[in-house]
Amino acid sequence: MLRVLLGEPPRQNSGVLADAMDNMAKVASMLRKEMNAHEDRDHEYRKLEVWTRGLISSLDELEQSWFAAAFYRKSVVAGYMDDMSVTEQGEYARYVYFYKNGFIRVFSLLDKLGTVLNSLYNLNTSQTKAHFSYFTVLRQFQLLKEHTPLADELENIKNSYREPLQNLRKRRNAEIHYMNAEMQDDLWQRHQGLHDKIQLEDLDSHLEDLRQGLEMVCKSLCAAFRYSNEQWHKNASSQNRV
């Protein structure tokens, strides 16, 4: 959608994004077949299908936010806010909007994945923490010592992206709980020199953090839904042999 508005060609899914989309689509299709083949009296299959399709949409929106932020960043050439033209200020504001949208979506999507995993594998994470996050779900996997191959893979993915996730989390927390992330940067600079010009944050470094956050989300989704698909087929094969 955003690519069309920006005059860019539609996205062709590739790499880890395509892998994540394909694995989620397979699970959604599998759930639909189960609903058609058996009665879904407790609507569990339907709920999981809706959640899975919601994750597909959320991943699409996260990728578009990163793309749009990168698109507008190209038009920001001044190193200081005071040196920007009115047009460039507008481009910078649009970059900030989509960048913020992106880093907020990273953690929102991970938490949605946590909700799906909690339901799929009966982890009962809410008994540990009422309002749990994706990272609480990962700890619950380790605590219960169940589905160890999936738990270990998700933990390894998380650890390999520790630094960009920490950077994104700090900015997310500043944005949601304290003040706008870019205003916090400005305030810090004012403390250094009251009358100095405000230098822009490192846009490229921030965008790279967001790109890696997107990549981490894709790999986590891919691992979770690939494993779920494999488990489903194993269980179906076992039942057919009985």
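The values are calculated or read from the model by the stated rules, or taken from the named source; none is laboratory data. Just so you know, these numbers come straight off a predicted model, no measurement behind them. Heads up, the Cβs are rebuilt from the backbone with ideal geometry, glycines too, and the neighbour counts pull from every protein chain shown. When the accessible area is computed, the model is the full protein with side chains, heavy atoms only, and any ligands, DNA or RNA have been set aside. Shrake-Rupley method; radii C 1.70, N 1.55, O 1.52, S 1.80 Å.
Please give the number of the condition Lys129 fails out of (1) modelled with pLDDT of 90 or more; (2) within 23 Å of the chain's Cα centre (by Cα).
Result: Lys129 passes all but (1).
Does Arg190 meet the test of being modelled with pLDDT under 95 and open to solvent by 30 Å² or more (accessible area, probe 1.4 Å)? Walk me through it before giving the result.
Values: modelled with pLDDT under 95: yes; open to solvent by 30 Å² or more (accessible area, probe 1.4 Å): yes.
Here the answer is yes, as Arg190 does meet what is asked.
Out of (1) touching a residue at least 60 places away in the same chain (Cβ under 8 Å); (2) open to solvent by less than 10 Å² (accessible area, probe 1.4 Å), the odd one out for Gly114 is which?
If we test Gly114 against (1) touching a residue at least 60 places away in the same chain (Cβ under 8 Å); (2) open to solvent by less than 10 Å² (accessible area, probe 1.4 Å), just (1) comes out false.
Return yes or no: is Glu63 among the acidic types (Asp, Glu) and either open to solvent by 60 Å² or more (accessible area, probe 1.4 Å) or over 20 Å from Ala18 (Cα atoms) (or both)? Steps first, answer last, please.
Details: among the acidic types (Asp, Glu): yes; either open to solvent by 60 Å² or more (accessible area, probe 1.4 Å) or over 20 Å from Ala18 (Cα atoms) (or both): no.
For Glu63, the condition - among the acidic types (Asp, Glu) and either open to solvent by 60 Å² or more (accessible area, probe 1.4 Å) or over 20 Å from Ala18 (Cα atoms) (or both) - is not met.
Would a scan of the stretch 200-209 turn up a residue that is under 27 Å from Leu48 (Cβ atoms) and either open to solvent by 40 Å² or more (accessible area, probe 1.4 Å) or modelled with pLDDT of 95 or more (or both)?
At the first step, the residues of the stretch 200-209 found to be under 27 Å from Leu48 (Cβ atoms) are none.
No, there is no match, as no residue in the stretch 200-209 is under 27 Å from Leu48 (Cβ atoms) and either open to solvent by 40 Å² or more (accessible area, probe 1.4 Å) or modelled with pLDDT of 95 or more (or both).
State whether one or more residues within the stretch 224-232 are at pLDDT below 85 and on the phi < 0 side of the Ramachandran plot.
Our first condition is that a residue be at pLDDT below 85; within the stretch 224-232, this holds for 232.
Applying the additional criterion that residues be on the phi < 0 side of the Ramachandran plot yields 232.
Checked the stretch 224-232: at least one residue is at pLDDT below 85 and on the phi < 0 side of the Ramachandran plot.
Could we say that Ser75 is among the small types (Gly, Ala, Ser), more than 19 Å from the chain's Cα centre (by Cα) and under 23 Å from Phe98 (Cβ atoms) here?
Values: among the small types (Gly, Ala, Ser): yes; more than 19 Å from the chain's Cα centre (by Cα): yes; under 23 Å from Phe98 (Cβ atoms): yes.
Yes; evaluated as a whole, the condition is true for this residue.
What residue, among those in the stretch 149-163 that are in contact with a Leu (Cβ under 8 Å, 6 or more places away or on another chain) and buried (at least 18 other Cβ atoms within 10 Å of the Cβ), is nearest to Gln231 (Cα to Cα)?
Taking the stretch 149-163 first, the residues in contact with a Leu (Cβ under 8 Å, 6 or more places away or on another chain) are 151, 154-155, 158.
With the extra rule that they be buried (at least 18 other Cβ atoms within 10 Å of the Cβ), the set shrinks to 151, 154.
Working: Ala151: 14, Leu154: 16 Å.
Across the stretch 149-163, the extreme among qualifying residues is Ala151.
Residues are listed down the side, and each one gets a yes or a no for (1) of a type in the set (Ser, Thr, Tyr); (2) within 23 Å of Tyr134 (Cβ to Cβ); (3) open to solvent by less than 40 Å² (accessible area, probe 1.4 Å):
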residue	(1), (2), (3)
Arg3	no, no, yes
Val16	no, yes, no
Asp19	no, yes, no
Met24	no, yes, yes
Ser29	yes, no, no
Tyr72	yes, no, yes
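Return the only residue of Glu8, Glu39 being among the acidic types (Asp, Glu), touching a residue at least 40 places away in the same chain (Cβ under 8 Å) and over 18 Å from Glu230 (Cα atoms).
None of the others qualify; the one that does is Glu8.
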